[in-house]
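Below: the structure, in structure tokens.
The values are calculated or read from the model by the stated rules, or taken from the named source; none is laboratory data. What you are looking at is a predicted structure, and each value in this text was computed from that prediction instead of being measured. Quick reminder, even Gly has a Cβ in these numbers, built from the backbone with ideal geometry, and neighbours come from all protein chains shown. Heads up: the accessible areas ignore ligands, DNA and RNA and are worked out on the full protein's heavy atoms, side chains in. Shrake-Rupley method; radii C 1.70, N 1.55, O 1.52, S 1.80 Å.
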Amino acid sequence: MDHLVRLTKRYPALAEMKDEIKQVYEIIKDSYVNGGKLLVCGNGGSAADSDHIVGELMKGFYKQRKLSPEEKFRFGEQGEKLQGALPAIALTRHDALSTAFLNDADPEMVFAQQVYGYGREGDAFLGLSTSGNSKNVILAAKVAAAKGMKVIAMTGRDGGALKELSDLCLIVPAQVTADIQELHLPIYHAICAMLEDYFFPGE
């Protein structure tokens with residue numbers, strides 16, 4: 001299935017972003033090929049999107065991602081139920097760590113602290129912000145860049161400050177927060193599906 005063709009047929013407003021979306025896919029793919037992982041964050045609805053993205057990468061999406069016979073043997077009976085995973089972490093999901101850091105240190109640095117702890121050179125960072133100006137996402141992007149990670153952003157409106165901080169910024173053609181989020185979802189679904197096709201062919 002050509003997921004980009006399907007995306008742009010269903011969402012004609014995104015047709016002009018086709019090449020940029022493919023470039024984001026390539027950045028994340030290259031990170032995985034080289035043993036990296038994806039760190040994702042956002043606020044509000046974009047926090048939910050962050051968790052959603054991780055859910056599509058860490059288990060089967062369109063495919064079952066069955067383990068190879070060798071892996072099934074290594075993991076025994078559990079190998080029949082495990083699925084291939086693309087390592088990704090939503091920085092929005094660690095309540096004890098986040099609330100402790102919010103209370104004890106600096107609330108605006110809550111994502112940046114996790115990028116510092118989890119991130120490695122060659123990993124990819126994806127920050128979602130409908131305005132492109134979410135301070136905690138911006139600070140996390142700065143730490144990611146300093147660690148040698150590829151920085152990707154998904155925004156709307158004019159891209160905000162994240163546009164200038166990112167290796168690639170996907171700016172959807174919308175102004176209203178809800179409309180921006182509605183266009184982010186099919187984009188990241190397409191990217192996750194493309195990654196699945198590349199790393200789990202033949203199903």
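Give me the residue from the range 119-174 that is β-branched (Val, Ile, Thr) and open to solvent by less than 10 Å² (accessible area, probe 1.4 Å) and, out of that set, farthest from residue 50 (Cα to Cα). Show your work before the answer.
So the first thing to find is which residues in the range 119-174 are β-branched (Val, Ile, Thr), and the list is 130, 137-138, 143, 151-152, 155, 171-172.
From the residues that got through so far, the ones that are open to solvent by less than 10 Å² (accessible area, probe 1.4 Å) too are 137, 151-152, 155, 172.
Working: 137: 12, 151: 15, 152: 13, 155: 13, 172: 17 Å.
Across the range 119-174, the extreme among qualifying residues is 172.
The residues of the range 101-122 that are of a type in the set (Val, Ile, Thr) and either touching a His at 6+ places or on another chain (Cβ under 6 Å) or without any contact (Cβ under 8 Å) to a residue 40 or more places away in the chain (or both) amount to a single one, 110. When each of 25, 116 is tested for being open to solvent by 80 Å² or more (accessible area, probe 1.4 Å), hydroxyl-bearing (Ser, Thr, Tyr), under 20 Å from the mean Cα position of the chain (by Cα) and modelled with pLDDT of 95 or more, the lone residue that passes is 116.
Here residue 63 clears all of (1) touching a Ser or Thr at 6+ places or on another chain (Cβ under 7 Å); (2) over 14 Å from residue 190 (Cβ atoms) except the condition numbered (1).
Would a scan of the range 44-56 turn up a residue that is under 22 Å from the mean Cα position of the chain (by Cα) and at positive phi? The answer is yes; a qualifying residue exists. Residues in the range 69-113 that are closer than 22 Å to residue 151 by Cα, outside any loop (DSSP other than H, G, I, E, B) and at pLDDT 95 or above: 88, 89, 90, 108, 109, 110, 111, 112, 113.
Are any of the residues in the range 5-18 among the basic types (Lys, Arg) and exposed (fewer than 13 other Cβ atoms within 10 Å of the Cβ)?
Kept after step one, since they are among the basic types (Lys, Arg), are these residues of the range 5-18: 6, 9-10, 18.
Pick out the ones that are also exposed (fewer than 13 other Cβ atoms within 10 Å of the Cβ) and you get 9-10.
Within the range 5-18 (the criterion being among the basic types (Lys, Arg) and exposed (fewer than 13 other Cβ atoms within 10 Å of the Cβ)), the answer is yes, since at least one residue qualifies.
Can you pull out every residue in the range 44-67 that is open to solvent by 40 Å² or more (accessible area, probe 1.4 Å) and either in a loop (DSSP other than H, G, I, E, B) or within 15 Å of residue 126 (Cα to Cα) (or both)? Correct list: 44, 48, 51, 52, 58, 59, 61, 62, 64.
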